[in-house]
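K.L.:
Handing you this structure, nothing more for now.
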Amino acid sequence: MGNSGNGQELHESAEDYLEKILMLKERLGQVRSIDIATELGYSKPSISIAMKKLRESGYIQMDNENLITLTETGQKIAKKVYNRHVMLTKLLMSFGVSSRTAEEDACKIEHDLSEESMRRIKEYLKDKN
């Protein structure tokens, strides 16, 4: 993922960060920038810049100990992206794609899929269960 000036990419990476914060919070109980850097394999400075942008946009809050929490808005976006991710992973795996590849591919397409396609996938998966 590049850091070009493209607004869509910033939005996309913001969604990725919010989703990662949500996942780390569930796994670790609390989240710091270093946890995100470790998880994503990015440098600490680039994570700090991203967290500053998310804080300025009102998606996260940081306390004195640098613990990161999602705001209500951030939580909503993170859950939406996470749910899309889970659904797309399940869909790809139902076609016989390996779990690892399904996870990776879900990451690539979760931001670009229309609401209509997501709704259809949800209905499709509901019928299968």
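K.L.:
Only residues that are part of a helix (DSSP H, G or I) and either on the phi > 0 side of the Ramachandran plot or loosely packed, with under 14 Cβ neighbours inside 10 Å (or both): list them for region 87-108, please.
P.N.:
Across region 87-108, the qualifying residues are SER94, SER99, ARG100, THR101, GLU104, LYS108.
One line per residue, one yes/no per condition, for (1) among the acidic types (Asp, Glu); (2) assigned by TED's automatic domain parsing to the domain that holds LEU24; (3) over 18 Å from the mean Cα position of the chain (by Cα):
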position: MET51; (1), (2), (3): no, yes, no
position: ILE60; (1), (2), (3): no, yes, no
position: LEU88; (1), (2), (3): no, no, no
position: PHE95; (1), (2), (3): no, no, yes
position: GLU116; (1), (2), (3): yes, no, yes
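K.L.:
Right, here's the next one. Considering only region 72-121, state which residues are closer than 17 Å to MET23 by Cβ, without any contact (Cβ under 8 Å) to a residue 24 or more places away in the chain, out of contact with any Leu (no Cβ under 6 Å at 6 or more places or on another chain) and not basic (Lys, Arg).
P.N.:
Within region 72-121, ASN83, VAL86, THR89, SER99, GLU103, GLU104 meet the criteria.
The values are calculated or read from the model by the stated rules, or taken from the named source; none is laboratory data. The structure presented is a predicted model; accordingly, all values stated were derived computationally and were not measured. Every residue, glycine as well, gets a Cβ built from its backbone with ideal geometry; the counts of neighbours run over all protein chains shown.
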